[in-house]
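Worksheet for the structure shown next.
Laboratory data are not the source of any read-out in this text; all were calculated from the coordinates shown. As the structure is a computational prediction, the values presented were derived from the model and not from experiment. No Cβ is skipped: glycine too gets one built from the backbone with ideal geometry, and neighbour counts run over all protein chains shown.
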């Protein structure tokens, strides 16, 4: 019988992140490096760092890893690699090289599972045009896997979470609800079809999103992962000095996510994310509670939030639909800075 990786963890994927408020307090104590070649650092908590090599090239650097969120080793590898590479796409970059990061209890889990995780990572990296050229492993329980990834971008074409501008339209490329569906699966509240659908979402690269952002000259974006749609939108609004208003009734949802939230299947990470956002967020009167919590659901390998000039949004959305992102939707607008950084209605 195949080894079930979910037996090793209580929380997996991006829901296992340190709560965002604690992380911000921790990072605030660290000094920022001073180097004119550093084009993006941690000051706005962006998706990746960017370092200028020449007038024509900058390196984009990121790393991500987490414990299992699915039972199968190969699928875990596919999802973890997709998630790690996503940060390069969120910056408008092209991923090039990667290193494996593996923590694995060699005496507690069959080594065949180790091999399957790495095979999944390799296959997804190959699909993305990324060469895995090494890595590092330690004996550790529970297992964890991810990649350190290097990409490239033109220094004048970097897309950051500080690039949203008043008047932009907000587009989300993947449905929300992966955290809720995965929690529901563990509680035996989901159908096999619902679980399979979110696995495929988490395995879907954001490469087309990156390509279209460059084509349509998008300058503000981020990907949605462990801090949920609301948490990442808040960081983007802060970095850009604007207010972002999200229309939650327009947000695409994974099949079953709303029903599970209505039944009270809301993972703890969503409440930690709400604790982080609520001081700077205005919640519209009558906002559906389940949608409010889905906005804070920790996503793994989620979609991109793009801030797009309104005259380009329609064409970009059409191209997303025809290039493998049929659920992509306009979910809000960017407004002048108001009394709240984020508005959910």
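Values [x] 26, 25, 22; [y] 29, 25, 19; [z] 31, 24, 21 are given for comparison; semi-axes √(5λ) of the Cα gyration tensor in Å, derived from the coordinates here, is the one labelled [y].
Protection proxy ranking of 22-29, 250-257, 283-290, by the mean of other Cβ atoms within 10 Å over each peptide's residues and highest first, is 250-257, 283-290, 22-29.
Residues of region 140-155 with an amide N closer than 18 Å to a point placed 7 Å from the Cα of residue 3 along the Cα-to-Cβ direction: 140-146. Of the Cα atoms belonging to region 5-157, the radius of gyration and Dmax stand at 16.4, 50 Å.
How much length would be gained if the chain were fully extended between residue 309 and residue 211, taking 0.36 nm per residue of separation minus their Cα-Cα distance, in nm to one decimal? Walk me through the numbers before you get to the answer.
On the way: separation 98, 0.36 × 98 = 35.28 nm, distance 1.60 nm.
Taking residue 309 through residue 211 to full extension adds about 33.7 nm, to one decimal.
Between residue 115 and residue 193, the modelled labels are 3.6 nm apart [label points 7 Å from Cα along Cα→Cβ]. Paramagnetic label reach from residue 26 (point 7 Å along Cα→Cβ; backbone nitrogen cut-off under 19 Å): within region 245-283, residues 268-277. Label positions at residue 41 and residue 63, each projected 7 Å from the Cα along the C-beta direction, are separated by 1.9 nm. Each principal axis of the Cα atoms in region 74-180 has its own extent, and those three values, largest first, are 56, 34, 22 angstrom.
For the chain, modelled as a GNM whose springs connect Cα atoms under 10 angstrom apart, the maximal fluctuation among 182, 111, 32 occurs at 32. Separation of region 277-310 from region 160-236 is 11 Å, based on Cα centroids.
Quick one: length gained pulling residue 200 to residue 275 fully straight, 0.36 nm per residue minus the C-alpha distance?
Full extension from residue 200 to residue 275 adds 24.0 nm.
Each stretch of four or more DSSP H residues adds -39500 (n - 2.57); spread over every residue of the chain, this sum gives -10500 deg cm²/dmol at 222 nm. Each of residue 138 and residue 106 was given a label point 7 Å from its Cα along the Cα-to-Cβ line. The distance between the two points is 1.5 nm. Each principal axis of the Cα cloud of region 166-325 was evaluated for its coordinate range; sorted largest first, these ranges are 44, 36, 23 Å. Between residue 335 and residue 156, the FRET efficiency from the beta-carbon distance, with R0 = 41 Å, is close to 0.95. Connecting C-alpha atoms closer than 10 Å in a GNM of the chain, tell me which of 165, 282, 272 has the biggest fluctuation. Residue with maximal mean-square fluctuation among 165, 282, 272: 282.
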